Structures are given as structure tokens and as C-alpha cells.
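Each remark here refers to the structure printed beneath this line.
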Amino acid sequence: MIGDSMTESLGNSDEIKKYLSDYYPNKSFEVLNYGFGATNILSVMDRITKETEHGRKFRATQEIDYDLILLESFGENPLSEFKLEEGLKRQTEELDKIVSKLKETNPKGEIVFVATISPNKVIFARNQVDLSAEKRAQWVSERVAYIKNHIDYAQKHNIPLINIFEKSLTENGDGNPDYINTTDYIHPSPTGIVFISHQIADFIYKNDIFPYK
């Protein structure tokens with residue numbers, strides 16, 4: 001799994017492994033979490049091509065004989081140094097490079113995009129940043145734009161997509177607070193972690209990613 005702190009929050013992926021064991025009772029799975037907090041899409045190529053460090057050393061993913069790679073949306077770390085249109089263009093260009101490199105270095109490895117839970121425009125980053133209601137909503141709008149661009153890329157390029165984002169929305173189209181941690185109002189809550197993990201395992205099973213049924 002490659003992503004930012006939203007992926008890092010899944011820790012040792014115990015919940016994912018539990019659900020996978022329910023679906024595949026006679027199999028065991030190794031899940032490697034390459035979620036690095038405070039990183040954006042421009043950092044992914046380093047994780048693929050070279051040894052990186054985030055609390056400890058991580059092997060280049062191109063050296064690992066993986067069956068499946070989950071590429072998260074990095075929406076919580078948008079390319080805010082650029083105007084939105086330019087940033088989304090840069091995101092798309094980077095996804096081109098990433099997908100090409102993954103296919104080149106591990107042609108048999110399945111690539112699946114993950115759009116993680118939606119932020120909530122009313123409570124986003126409460127306790128972390130002092131923002132006006134308007135600015136908070138603006139920050140969420142920017143992050144959602146990057147998540148949706150990730151989704152759009154997957155759909156246009158026929159890449160399998162785990163669309164947790166869409167399933168995490170309330171009826172008014174905002175992020176479900178139940179899935180958001182009340183410490184920082186950014187990362188997934190314990191309920192959110194279970195929800196994300198279940199969605200990932202469920203997708204893998206229902207789409208026959210592993211032919212172990």
C-alpha cells in the first residue's frame with residue numbers, strides 16, 4: 001500500500017488481514033504499508049525506485065515481488081504550491097509516470113487505485129489549524145478535487161478502483177464524521193480504519209484479485 005498518512009493510519013494492517021483471512025481462511029497475506037505522512041504524489045516514484053526512510057528503511061517497491069499494489073489518492077496532501085488547475089495537471093502527469101513504472105518493473109503485479117475517506121468541510125483539521133468556516137471549506141474543496149482527479153484517472157485508464165471516498169459521503173455530500181478521528185479531524189477514526197480495511201478486503205475478494213477461492 002502506497003499513500004500518505006491516511007494509509008499510514010492503517011498501521012500493521014491487522015484489520016485488512018483479518019478480513020482477508022475471513023475470505024481466504026486457508027491463506028496468509030503479507031501487507032506492506034508504505035504510507036508516509038505529510039507526503040504528496042510527487043514522492044511516490046522514490047518509493048518505487050529507491051530505498052526510502054520513514055521511521056525506518058523501506059526497500060524500493062520495484063525490488064519486491066508483490067501481487068497487488070494499492071495506490072492511494074494523496075488527497076490530504078494536495079500540491080498547494082500550484083494553482084488548482086496546474087496542480088491537478090501535475091498530479092495526472094505524475095500518475096502517468098507511476099503507472100508506467102509499476103507496469104515496467106512488475107508486469108504481473110495488479111495495480112488498484114484507492115480513493116480514501118472524504119474530509120468534512122465543517123470540522124476538517126479542527127484542533128489542528130485555526131480556520132474560518134469559509135477557509136476550512138476551501139481546504140476541503142481542494143483536497144476533494146485531488147481525490148476526484150485520482151478517481152477520474154482510474155476510470156479513464158481502466159484501472160481498478162476502490163472508491164471508499166464515495167461510500168464515505170453522507171446524504172449532503174460531505175465526509176461522514178463517524179469515520180474521522182476526533183483528535184485531529186483529518187485521519188480515520190477507529191471506525192474509519194475498520195471501514196477502510198473492510199472495503200479493501202471486500203474489493204479484493206469480489207473482484208478475484210487473488211485466485212484463491
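The values are calculated or read from the model by the stated rules, or taken from the named source; none is laboratory data. Small disclaimer: the values here were computed from a predicted structure and weren't measured. FYI the Cβ positions are ideal-geometry reconstructions off the backbone, even for glycines, and counts take in every protein chain you see.
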> Would it be correct to say that I151 is more than 27 Å from L88 (Cβ to Cβ), under 14 Å from the mean Cα position of the chain (by Cα), touching a residue at least 40 places away in the same chain (Cβ under 8 Å) and surrounded by 14 or more Cβ atoms within 10 Å (Cβ to Cβ)?
Replying inline: no
> Does the stretch 189-213 hold any residues that are surrounded by fewer than 19 Cβ atoms within 10 Å (Cβ to Cβ), more than 23 Å from Q128 (Cα to Cα) and in contact with a helix residue (DSSP H, G or I) (Cβ under 6 Å, 6 or more places away or on another chain), and which are they?
Replying inline: V194, H198, Y205
>> Regarding the stretch 151-169, can at least one residue be identified that is in contact with a strand residue (DSSP E or B) (Cβ under 6 Å, 6 or more places away or on another chain) and aromatic (F, W, Y)?
In response: yes
> Can you name the condition, by its number, that I186 falls short on among (1) of a type in the set (A, V, I, L, M, F, W, C); (2) closer than 27 Å to V129 by Cβ; (3) free of Cβ contacts under 8 Å to residues at least 60 places away in the same chain; (4) buried (at least 20 other Cβ atoms within 10 Å of the Cβ)?
Replying inline: (3)
>> Need the failing condition index for D174 against (1) over 23 Å from S13 (Cβ atoms); (2) charged (D, E, K, R); (3) at pLDDT 95 or above; (4) surrounded by fewer than 19 Cβ atoms within 10 Å (Cβ to Cβ), just the number.
In response: (4)
>> With the structure loaded, tell me whether G87 is part of a helix (DSSP H, G or I) and within 21 Å of A125 (Cβ to Cβ) or whether it fails that test.
In response: yes
> How many residues, within the stretch 54-66, are within 18 Å of the chain's Cα centre (by Cα) and either at pLDDT below 95 or basic (K, R) (or both)?
Replying inline: 0
> When you go through I16, I111, I48 one by one, which is the residue that is in contact with a strand residue (DSSP E or B) (Cβ under 7 Å, 6 or more places away or on another chain), hydrophobic (A, V, I, L, M, F, W, C) and farther than 30 Å from Q138 by Cα?
Replying inline: I111
> So which of I69, I111, I123 ends up being in a strand (DSSP E or B) and surrounded by fewer than 19 Cβ atoms within 10 Å (Cβ to Cβ)?
Replying inline: I111
>> Suppose the filter is over 16 Å from G3 (Cα atoms) and among the β-branched types (V, I, T); does V144 pass it?
In response: no
